[in-house]
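Let me begin by presenting the structure, written as structure tokens, before commenting on it.
The values are calculated or read from the model by the stated rules, or taken from the named source; none is laboratory data. As the structure is a computational prediction, the values presented were derived from the model and not from experiment. Backbone-built Cβ (ideal geometry, glycine too); neighbour counts: all protein chains shown.
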């Protein structure tokens, strides 16, 4: 039985420096009365899906937030905001940026209509406000969100049978929620952004294309790209 008064923050970690920074922000979030929070750092994960499955099975929290170690949450009312969204039992997951309809490539940022907002700090003294369209209301249903921040109120296994690396696990999980009959949404962040993401600029990993093919083999028939 999952504890609906508990939220878990789950992170795969290979850098103590980044995780310490991530935790610093998490520990300053406002925790609503009656709620508790736990912080789970997964070490030596074979893949993102394997790490997340391990943590998911070891936590009885109903609400789980899977986030990258270089994601800094600056919305101090994050938990309360998520609980309001999750008041709709048809919503399974919340991300901060994504696309309404996945394109034929299966890559969310190639989508025609993208929603959400993230502050990107990729290099020192270089900050980019990556702001897409904002929802008309409190949130917008989308087909896929980015894995830098992925909040859930239901436990669905991450597909480590297919995605045994570090790519497209997030888009896969969005499709798994859709298969289970749940919505994935992006919140309205017009007042302020929820997260700062600090990834290093680097070329696309050559392995990405392999997982892209796996994704399209598994979910390609379920895509309805806009043209």
Only one residue in 219, 182 is touching a helix residue (DSSP H, G or I) at 6+ places or on another chain (Cβ under 6 Å) and at pLDDT 95 or above, so which one is that?
219
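Residues checked against (1) within 18 Å of the chain's Cα centre (by Cα); (2) over 27 Å from residue 89 (Cβ atoms):
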residue	(1), (2)
116	yes, no
139	yes, no
147	yes, no
197	yes, yes
227	no, yes
Here is a list: 170, 192. Which entry is more than 17 Å from residue 48 (Cβ to Cβ) and touching a residue at least 12 places away in the same chain (Cβ under 8 Å)?
192
Give the stretch 32-44 a look and list any residue that's touching a strand residue (DSSP E or B) at 6+ places or on another chain (Cβ under 8 Å) and surrounded by fewer than 13 Cβ atoms within 10 Å (Cβ to Cβ), or say none.
34, 36, 43
Per the list (1) surrounded by fewer than 23 Cβ atoms within 10 Å (Cβ to Cβ); (2) closer than 18 Å to residue 49 by Cα; (3) free of Cβ contacts under 8 Å to residues at least 60 places away in the same chain, residue check on residue 137 breaks on (2)
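Restricting the stretch 55-72 to residues that are in contact with a strand residue (DSSP E or B) (Cβ under 6 Å, 6 or more places away or on another chain) and part of a loop (DSSP other than H, G, I, E, B), which is farthest from residue 147 (Cα to Cα)?
Going through the qualifying residues, I end up with 60.
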Candidates 125, 131, 143 - the one that is at pLDDT below 95 and either at positive phi or touching a helix residue (DSSP H, G or I) at 6+ places or on another chain (Cβ under 7 Å) (or both)
125
